[in-house]
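**Q** Okay, handing you the structure first.
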Amino acid sequence: MSHFSCCEHCGAILESTLHAVRDCSSTQSVWKAVLPMKSWRCFFQLSP
Ligand SMILES: [Zn+2]
């Protein structure tokens, strides 16, 4: 793996696809809009 790509939303280096679906700051704002606040902590600390 010599290829690194950057997130097109926030410019962070994509270490895993998890960034795009959960960890990106722009994606997180979407999750926080649809998830109840009490589940945020659990959700964002989940690891595959
Ligand atoms: Zn991002």
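**Q** Looking at the range 5-24, which of the residues that are within 19 Å of Gln45 (Cβ to Cβ) and surrounded by 12 or more Cβ atoms within 10 Å (Cβ to Cβ) is nearest to the ligand (Cβ to nearest atom)? If you could, list the steps in order and put the result at the bottom.
**A** So in the range 5-24, the residues within 19 Å of Gln45 (Cβ to Cβ) come out as 12, 15-24.
So of that shortlist, the ones also surrounded by 12 or more Cβ atoms within 10 Å (Cβ to Cβ) come out as 12, 18-20, 22-24.
Working: Ala12: 5, Leu18: 11, His19: 6, Ala20: 7, Arg22: 10, Asp23: 7, Cys24: 3 Å.
Across the range 5-24, the extreme among qualifying residues is Cys24.
**Q** Can you name every residue in the range 1-40 that is in a helix (DSSP H, G or I) and in contact (Cβ under 8 Å) with a residue 12 or more places away in the chain?
**A** Leu18, His19, Ala20, Arg22, Asp23, Ser25, Ser26, Thr27, Gln28, Trp31
**Q** So which of Lys32, Lys38 is more than 10 Å from the ligand (Cβ to nearest atom), at pLDDT 95 or above and surrounded by 10 or more Cβ atoms within 10 Å (Cβ to Cβ)?
**A** Going through Lys32, Lys38 in turn, the sole match is Lys32.
**Q** Is it fair to say Phe43 is free of Cβ contacts under 8 Å to residues at least 60 places away in the same chain, touching a strand residue (DSSP E or B) at 6+ places or on another chain (Cβ under 6 Å) and on the phi < 0 side of the Ramachandran plot?
**A** Numbers: free of Cβ contacts under 8 Å to residues at least 60 places away in the same chain: yes; touching a strand residue (DSSP E or B) at 6+ places or on another chain (Cβ under 6 Å): no; on the phi < 0 side of the Ramachandran plot: yes.
Judged against the criteria, Phe43 is not a match.
**Q** Take the range 14-29 and flag every residue that is of a type outside the set (Asp, Glu) and modelled with pLDDT under 90. I'd like the intermediate steps shown before the answer.
**A** First, pick out the residues of the range 14-29 that are of a type outside the set (Asp, Glu): 14, 16-22, 24-29.
Residues satisfying the conditions are Leu14, Ser16, Thr17, Leu18, Ala20.
The values are calculated or read from the model by the stated rules, or taken from the named source; none is laboratory data. Worth saying up front: this structure is predicted, and the values here are computed from it rather than measured. We place every Cβ from the backbone using ideal geometry, glycine too, and count neighbours over all the protein chains shown.
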